[in-house]
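Single-structure report; data block below.
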């Protein structure tokens, strides 16, 4: 059965995951209730696959399971899982038996750690894809490229380089049009950056799912030209019809001497629309105009003069016909808008397909596979195939599946997983999915929360297939934090759903819109209510929302973000007064730019702080960029100069960085000094000896070049830059391993990607965390501060958001077209796609607030701008203010036994502040002293003087065939405990290519024949205890490792395998030493044997 746990923030998801995994370990179940061999009883972990989405989460899950298993094995009564395990689902009912089983499983797991199948979803798909290297057209030794941006930049550079080719004339025109559109939209004219942003669309699953069709269509650019021509004809036909009908109507009124102003409405008469349409304006008829049709009473009023009424009656029959014609014409207005919006961005399809083509070429040339392509490729391999076979080809047999953070799963990823879980379900497997729609904040990475919200119920409809659970208790937060979140998000989701419904109701009747949008937001937040845990019933907690003014009484604007940063130091002092450790405080922001504002503010506060009672130490990626270190800036400056010494800007930067870092000159003085003497040789600015050394570096490998530059310009000890140098050199070494090692390509990569690298800081450091909300997901802190708590609920209209829309007749020549998101779409045939995206945007941005607000255990402090006036819920600040303002009545339905508090009761309009509870005080811990660790000084070394490794395996591949065969046979037999293990021991060597399928079959037969010998069979009996290839530590610290030790009652047999054809006396001495050591362990009846396997001979020792 598939168990689905809907786990809101702090609801004990990690506990539940660990518990279910431990149950599978302690009470192993095989599909269809197959019997479990004694040798397999403790190896259940080999048949469980648990996947999550980050390496950090994977390691945390592994660590937690081993830690809890260790407690069960050694301190069973202390385990928090004890009551949930004893006697459950076939688990022993006594503590002694449970402890014994846990101990055996832990021992087996630690000695077969590679079989511990907890991994990221990408790693699992990678392992599967590698089994199909030939099918996907890659060479066996291909590499996986994680960095999409590097490959993307290379592809775009190639596209620009090829523009001079005559066949790319259309592409050049499309790029020019794209650039013009960007400039007209107020964006930067730098086309490279804009193209990179556009090209991210290639990695969206909407594009990938139709990529083959698009590539086929775009292979012939004439097809795109014909499609654009078709759109232009439709556009022109509509505009011509509108203009001609309106022109005829205008002419009739002129001939009758009847200006529009003389008719009903006067200067605002609906008849004025005819002149606008006749001039070529395209505007849908309003309600006043449509009411003119077949209704002469609406043409005049009671005050209209008799002569005008006479004229109206004369022209009524003919003019009324044109009114009906123009209304009929504009019935096609949604189609016209659709054509216009399709034309607007259709050329980007040509640009994207060309970039896509260059990416594929780059991948083939470098024999790489983008990690982001793995899911799509596996999707194609599986399509129409025997899915279980596809996965079995990897050599793994998985009976049970666990997926964590399911709301972050993409549709393609789920399509790859679904057949496996379906098959496991059908065979009686126990499967688990954990997720929370409200914490889905990675849609830009293709995650699809609708899988959890809707799809699972549709795919597993039978009661025996799926069991839905809601973890409804919050074990993390205090009362006021839980109550605030319960109330705010219930009301906010209700308001957004209501707003969306009203907008949908205003759309044209002839436009199709999915009826489900009327309830999607409410359904996503149906499980918002959380109960308070017993452990927190006495902890009130503290929530404070400060609404900051955005303008003075005189109407002058106030920068509310500056005001928020000004309040931060005092807020942090108040938290420290309550004994909250710095490491328990998190400041959450939306972007790195906001993080930099906070970091600058706190660094300034730290510099100005004279009170040792308070500290403002921070951990922030934004404050620890490697490229910000002066020594790194100097190395990069010197590298640029060595690459192009004739370019003056490179010369300037090299001298400038040297002057500011080593001569300690202020920036202005450093520049002035250079320009005052720029005509002089470089040796005037540097020591002549250094200049000579630099000139000799030009043909030096990149890593050695950087190492030498660092040695020539050792960093100042005052700045403690060793950590930055070490990190920089690690980056250089990694780059030279995976890319071309020339300085030019490295410098280009550094300017594009290297500058994003940061120092990784330890979590144990006692400092305030500054991080983005996305990075905070999964974490918890005693105090959470959100200084800039405001962002758009819908997409920012200044940002380009592209929708990938399926086409219908007569526009379906292309299966998928890019359409720019905007309110105009709600009047088009793309209205359904528009409202679908709007609904997703609402949930995405509300989810970000949910993730941020639920990180807090005890303190939640928000700073947000006070809206000037209430209106639409366009931003989070408006939603917050509307929910706490006593003047607003929100008719949000309440559920039985799930009461929500009245937020307005805690709002003080005079202070512009919502506050519930008092500042939490930690009475248990005093302020901690910070232990400061410093990095040792970085020491450079010449290449010839470095430490060299002597590898024991040197020459292995040059050894004789007999030696290699012997080593391989030893490896295989080390995995054979009992005779039934032969197949599983040989199988991995077939999959990894060391044995062909035919060789594997032959070897299995040989092994079975050898093990069936009467003298050998007792050594592989299930009734014995087997120890294979285990080292014995001697008194001198050396090790001996017998091939096989068999313990049967009081008797011990030591077996040493030999696969050669020569018998040596030294073999006897070796076995005698084994016997002697084992006797020293307390075994009295020890026998030794040399087994010449190929000769079929056993020699007792």
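Observations, loosely collected:
- When each of 338, 293 is tested for being modelled with pLDDT of 90 or more, closer than 28 Å to residue 281 by Cα and part of a helix (DSSP H, G or I), the lone residue that passes is 338.
- Within region 155-172, not a single residue is under 30 Å from residue 409 (Cβ atoms), exposed (fewer than 14 other Cβ atoms within 10 Å of the Cβ), under 24 Å from the mean Cα position of the chain (by Cα) and touching a residue at least 24 places away in the same chain (Cβ under 8 Å).
- Residue among 834, 821, 914 that alone is surrounded by 23 or more Cβ atoms within 10 Å (Cβ to Cβ), within 29 Å of the chain's Cα centre (by Cα) and either assigned by TED's automatic domain parsing to the domain that holds residue 788 or within 30 Å of residue 781 (Cα to Cα) (or both): 834
- When region 868-899 is filtered for residues that are in a loop (DSSP other than H, G, I, E, B) and modelled with pLDDT of 90 or more, only 885 remains.
- Residues in region 435-453 that are assigned to a helix (DSSP H, G or I) and modelled with pLDDT of 90 or more: 437, 438, 439, 443, 450, 451, 452, 453.
- Scan of region 601-629 for residues that are surrounded by fewer than 18 Cβ atoms within 10 Å (Cβ to Cβ) and assigned to a helix (DSSP H, G or I), ordered by number: 603, 604, 606, 607, 608, 627, 628
Results for (1) touching a residue at least 40 places away in the same chain (Cβ under 8 Å); (2) assigned to a helix (DSSP H, G or I); (3) under 25 Å from residue 521 (Cβ atoms), shown as yes or no for each residue.
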| residue | (1), (2), (3) |
| --- | --- |
| 421 | yes, yes, no |
| 428 | yes, no, no |
| 433 | yes, no, yes |
| 481 | yes, yes, yes |
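- Region 993-1011 - residue that is farther than 20 Å from residue 977 by Cβ and surrounded by fewer than 16 Cβ atoms within 10 Å (Cβ to Cβ) and, of those, nearest to the chain's Cα centre (by Cα): 993
- Single residue of region 1012-1035 satisfying the filter (more than 51 Å from the chain's Cα centre (by Cα) and more than 15 Å from residue 1049 (Cα to Cα)) that is modelled with the lowest pLDDT: 1035
- Extreme residue, surrounded by the fewest Cβ atoms within 10 Å (Cβ to Cβ), among residues of region 93-114 that are under 23 Å from residue 430 (Cα atoms) and without any contact (Cβ under 8 Å) to a residue 24 or more places away in the chain: 114
- Among the residues making up region 1051-1076, those that are under 54 Å from the mean Cα position of the chain (by Cα) and over 18 Å from residue 1021 (Cβ atoms) are 1056, 1058, 1059, 1060, 1074.
- Number of residues in region 947-985 that are in a loop (DSSP other than H, G, I, E, B), modelled with pLDDT under 85 and surrounded by 10 or more Cβ atoms within 10 Å (Cβ to Cβ) equals 1.
- Residue check, residue 990 at pLDDT below 85, in a helix (DSSP H, G or I) and surrounded by 15 or more Cβ atoms within 10 Å (Cβ to Cβ): yes
- Residue match in region 340-357 (condition: buried (at least 16 other Cβ atoms within 10 Å of the Cβ), touching a strand residue (DSSP E or B) at 6+ places or on another chain (Cβ under 9 Å) and over 30 Å from residue 151 (Cβ atoms)): yes
- Single match in 209, 242 (criterion: touching a residue at least 40 places away in the same chain (Cβ under 8 Å), out of contact with any strand residue (DSSP E or B) (no Cβ under 9 Å at 6 or more places or on another chain), surrounded by 15 or more Cβ atoms within 10 Å (Cβ to Cβ) and within 25 Å of residue 825 (Cα to Cα)): 242
- Residue within region 123-135 that is under 30 Å from residue 74 (Cα atoms) and either out of contact with any strand residue (DSSP E or B) (no Cβ under 7 Å at 6 or more places or on another chain) or surrounded by 19 or more Cβ atoms within 10 Å (Cβ to Cβ) (or both) present: no
The values are calculated or read from the model by the stated rules, or taken from the named source; none is laboratory data. What you see is a predicted model, and the numbers here were worked out from it, not measured in a lab. Because the Cβ atoms are built from the backbone with ideal geometry, glycine has one as well, and the counts that use them run over all protein chains shown.
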